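The structure appears below as structure tokens.
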Amino acid sequence: MNIMKTHSLVISLFMVCMALATPAQAEDVVVVVNASSGIKQLTQEQVINIFLGRHRYYPSGLQAAPIDLPDNNPAKAQFYRKLINKDMPDVNAYWSRLLFSGRVVPPVQTNSSIEVSKLLMSSKNAISYMFRSEVDQRFVVVYALDDLQ
């Protein structure tokens, strides 16, 4: 093998190793509603109140219907970590306490992101979260968690 080919091979292998060693950038999670809902923006406090059952109404007075992804979905863990700085066991414990007290009902639990999209499209009241790359013209981003921790 000549020196130029060896040099090119070494550089190529180095580039591949660097690409593999670079940690993947976490994708941004955003809060979305049905595009026809009329809701354009929410604050962090409003999103917290809706998803933790404290106040389930949009600023317009429309009742909010929060939808959760399954516990094993990485977007769900990132959503609650960035929104309220809690891991899934803490979030589940929170809902267990509230369910026992009978005060509020947790967000609707889905089995997949496909189910979340279907529920969002079937109701102007629905609100959920997803990775920014999953958002299309059917949804409006009302809050982005990428500016949080």
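The values are calculated or read from the model by the stated rules, or taken from the named source; none is laboratory data. These numbers come from a predicted model, not from an experiment. Ideal geometry is used to build each Cβ from the backbone, glycine not excepted, and the neighbour counts take in all protein chains shown.
Here are some notes:
- Near pairs, Cβ below 8 angstrom, 6+ apart or cross-chain, from the range 53-69 (within 24 Å of Ile114 (Cα to Cα) and of a type in the set (Gly, Ala, Ser)) to any residue that is part of a loop (DSSP other than H, G, I, E, B) and at pLDDT below 90: Gly53/Arg103; Gly53/Val104; Gly53/Val105
A quick yes/no check of all residues on (1) in contact with a Gly (Cβ under 9 Å, 6 or more places away or on another chain); (2) closer than 15 Å to Ser123 by Cα; (3) outside any loop (DSSP other than H, G, I, E, B):
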position	(1), (2), (3)
Val32	no, yes, yes
Pro66	yes, yes, yes
Asn72	no, no, no
Gln78	no, no, yes
Asp90	no, no, yes
Ala93	no, no, yes
Leu98	yes, no, yes
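- Residues satisfying the stated conditions in the range 89-120, i.e. hydrophobic (A, V, I, L, M, F, W, C) and surrounded by 14 or more Cβ atoms within 10 Å (Cβ to Cβ): Val91, Trp95, Leu98, Val108, Val116, Leu119, Leu120
- Applying the condition of being of a type in the set (Phe, Trp, Tyr) and farther than 19 Å from His55 by Cα to the range 107-149 and asking which residue is farthest from the chain's Cα centre (by Cα) yields Phe139.
- Filtered by the rule that a residue be out of contact with any Leu (no Cβ under 6 Å at 6 or more places or on another chain) and in contact (Cβ under 8 Å) with a residue 40 or more places away in the chain, the range 70-80 gives Pro70, Asn73, Gln78, Phe79.
- Contact map, the range 91-104: residues that are without any contact (Cβ under 8 Å) to a residue 40 or more places away in the chain paired with residues that are assigned to a helix (DSSP H, G or I) and surrounded by 12 or more Cβ atoms within 10 Å (Cβ to Cβ), Cβ distance under 7 Å, separation 6+ or inter-chain. Pairs shown: Val91/Tyr80.
- Residue pairs whose Cβ atoms lie under 9 Å apart, sitting 6 or more positions apart in sequence or on different chains, and linking a residue in the range 27-44 that is surrounded by 15 or more Cβ atoms within 10 Å (Cβ to Cβ) to a partner that is among the hydroxyl-bearing types (Ser, Thr, Tyr) and assigned to a loop (DSSP other than H, G, I, E, B), are Val33/Tyr58; Asn34/Ser123; Ser37/Tyr58; Ser37/Ser60; Ser37/Ser123; Ile39/Tyr58; Ile39/Ser60; Leu42/Tyr58.
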